[in-house]
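The next block holds one structure in the form of C-alpha cells; read it before the comments.
The values are calculated or read from the model by the stated rules, or taken from the named source; none is laboratory data. Keep in mind that what you see is a predicted model, and the values were worked out from it rather than measured. Glycine also receives a Cβ, built like all others from the backbone with ideal geometry; neighbour counts cover every protein chain displayed.
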Amino acid sequence: MMQFFYDSYNYIKDTDMALHVKVYGIADKYDIPVFRYTAATRLSSDLDPTNKDLEPFFRAVRAIDECTVDTDNLLWDVVIPKITGNITHFKDKDDFFALLQELPVLNQKLLKAWPSPSDSDLGYRLPWLGRGGRGGRGGYGPSDW
C-alpha cells in the first residue's frame with residue numbers, strides 16, 4: 001500500500017491532501033509507524049498554506065480532526081506551524097474563520113502554539129509588558145507616565 005501511494009506515479013501528490021491524513025489514520029490503526037511517519041512527512045512537504053486555493057488545506061485540517069485521537073499531535077505539529085507562520089495569508093479569509101468556528105480543537109492548539117509576549121520581541125516594543133526598565137511591573141507603562 002505504501003509503495004502504491006508514495007512510489008507509483010506520484011499518485012497522492014496530485015490528489016486531495018486529506019488523503020495523506022487518511023493514510024496516516026490507517027497506519028495508526030494498524031500500528032505501522034514507518035507508514036504513519038511517511039504520511040506525515042508527505043503532508044508536511046505537499047501541504048501549501050500559501051496556495052491560492054486553500055480548500056485542500058482546510059480539508060486536510062478537517063481530516064486531522066476526524067481521523068486522529070486527541071492525544072496524537074503529530075499531524076497537528078505539521079499543520080499548526082504552517083498556519084502560524086502564514087497567518088497574514090489566512091487573516092482575510094472568511095473560510096479560515098469558519099474553520100476556526102467549526103473546530104474548537106484547532107483554536108486550542110493555535111492558542112497553545114502562539115508565542116506569549118515574553119517569547120517574542122513584543123516586550124521590547126511595549127516595555128510595560130514586563131521587560132527591563134522601571135515601574136511597578138518591571139517596565140515603563142501607563143503607571144509611569
ask   = Looking at the range 77-96, is at least one residue loosely packed, with under 14 Cβ neighbours inside 10 Å, part of a loop (DSSP other than H, G, I, E, B) and under 12 Å from the mean Cα position of the chain (by Cα)?
value = yes
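Looking at the range 1-57, which of the residues that are acidic (Asp, Glu), surrounded by 13 or more Cβ atoms within 10 Å (Cβ to Cβ) and part of a helix (DSSP H, G or I) is modelled with the highest pLDDT?
So the first thing to find is which residues in the range 1-57 are acidic (Asp, Glu), and the list is 7, 14, 16, 28, 31, 46, 48, 53, 55.
Still in the list and also surrounded by 13 or more Cβ atoms within 10 Å (Cβ to Cβ): 16, 28, 46, 48.
Restricting the remaining residues to those that are part of a helix (DSSP H, G or I) gives 28, 46.
Working: Asp28: 94, Asp46: 89.
Among those residues, the one meeting the criterion is Asp28.
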Pick from the range 64-110, criterion among the hydroxyl-bearing types (Ser, Thr, Tyr) and touching a residue at least 12 places away in the same chain (Cβ under 8 Å), ranking: farthest from Asp28 (Cα to Cα) = Thr84
